[in-house]
Amino acid sequence: MTRDLFMEDPFVLGGKTYQSRLIVGTGKYKDFEETRRAIDASGAEIVTVAVRRVNITDPGKENLLDHVPPSTFTILPNTAGCYTAEEAIRTARLAREAGVGDLVKIEVIGDEKTLFPDVPATIEACRVLVEEGFVVLPYITDDPITCKKLEDVGCAAVMPLAAPIGSGLGIRNPYNLKIILEQSSVPVIVDAGVGCASDAARALELGCDAVLMNTAIAGADDPVAMARAMRLGVEAGRLSFRAGRIPRKLYATASSPIEGMLD
């Protein structure tokens, strides 16, 4: 996206302004070098890290933050692998103690097979962490009522899933997303289920503020090329949304007017 368009249409999250509307994860790559190459190709400025799965706290071991430094990227620690509100709260506190800041993505998983979130536990974890001064971004179902409750407890954004984590199914329920968008006064970030660049474009064309993904890039045959594709998809989707699509019609409409041509 060009600089002029960015200045006209900034993405603001947690009080900070970003140029990219693509947020990427750091899991499932073959090594940290490939991780960094894919992140660079994606253009992402916000990078999410699973605190329980990737070392960001022990300086005596290889540390992801040496390859993805907080001086260059906004690090978004997440609580992936947590199954209770208490686990998620404790993991978020650990990330803040590691010095990566107050921004945190909350995941409280309710089922190992589907990886759908535990809604009541997610709301409780978010309530506690907001009270403790965290800037909270919850991974949640595409349920408008739940998203509204999370906004009401003070979350800085809502992150409804497009489809199950890692499924690559794309957006399964655009109608719920449209309701969430209509009611929300905080950013709406599609999280989970994106499979290809057209999925990312569609999320932005619907009006979502950003999209977060990991497996769709890291699991591709060529992660770096897919990261670039996702970057272009997000930019195209946002531009398409801002441009305003033509209305859908049942019958054809001539592209060139014929009035006056036969007079």
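In summary, the chain shows an alpha-carbon radius of gyration equal to 1.07 times the 2.2 N^0.38 Å reference for compact globular proteins.
Say the dipole of the chain comes from +1 at the beta carbon of Lys and Arg and -1 at that of Asp and Glu; which of LEU150, ILE89, ALA216 then lies farthest toward its positive end? Value computed over the given set: ALA216. Here is how the number arises for the chain: DSSP H runs of 4 or more residues each give -39500 (n - 2.57), the sum is divided by the residue count, and the result at 222 nm is -11500 deg cm²/dmol.
Quick one: work out Rg over Rh on the C-alpha atoms of the range 165-227, Rh as Kirkwood radius.
Details: Rg = 12.0 Å, Rh = 12.0 Å.
Result: Rg/Rh = 1.00.
Here the Karplus relation 6.51 cos²θ - 1.76 cosθ + 1.60, evaluated at θ = phi - 60°, turns the backbone of the range 19-30 into coupling constants of 8, 8, 9, 10, 10, 10, x, 10, x, 6, 7, 6 Hz, with x for every Gly and Pro. Only Cα pairs under 8 Å and 6+ residues apart enter the sum, and on that basis the relative contact order of the chain stands at 17 percent.
The alpha carbon centroids of the range 152-186 and the range 16-44 are separated by 21 Å. Per residue, the chain exposes an accessible area of 49 Å² to a 1.4 Å probe, with every protein chain left in place.
Suppose R0 equals 25 Å; then what is the FRET efficiency for VAL12 and ASN55 from their Cβ-Cβ distance, rounded to the nearest 0.05? List each step's numbers first, then the result.
Values: r = 31 Å, r/R0 = 1.23.
So, using R0 = 25 Å, E works out to roughly 0.20.
Relative to the first principal axis of the alpha-carbon coordinates of the chain, what is the inclination of helix 174-183, with its axis defined by its Cα atoms, in degrees from 0 to 90 and to the nearest 10? That works out to roughly 80 degrees. Peptides 87-97, 60-70, 239-249 ranked from most to least packed by the mean count of surrounding Cβ atoms within 10 Å: 87-97, 60-70, 239-249. Averaging the sequence gap over all C-alpha pairs within less than 8 Å and six or more residues apart, then dividing by the number of residues, gives the range 31-103 a relative contact order of 33 percent. Highest mean packing comes first when the peptides 117-125, 178-186 are listed by Cβ atoms within 10 Å, giving 117-125, 178-186.
Can you tell me the length gained on complete extension of the stretch ASP221 to ASN176, counting 0.36 nm per residue apart and subtracting the Cα distance? It would help to have the intermediate numbers written out before the result.
Values: separation 45, 0.36 × 45 = 16.20 nm, distance 3.17 nm.
Contour length minus Cα-Cα distance gives 13.0 nm.
With R₀ fixed at 25 Å, the C-beta to C-beta distance from LEU232 to THR253 puts the FRET efficiency at about 0.30.
The values are calculated or read from the model by the stated rules, or taken from the named source; none is laboratory data. Worth saying up front: this structure is predicted, and the values here are computed from it rather than measured. All Cβ positions, glycine included, derive from the backbone under ideal geometry; neighbour counts span all protein chains shown. Accessible surface is based on the protein model in full, side chains and every heavy atom, while ligands, DNA and RNA are left aside. Shrake-Rupley method; radii C 1.70, N 1.55, O 1.52, S 1.80 Å.
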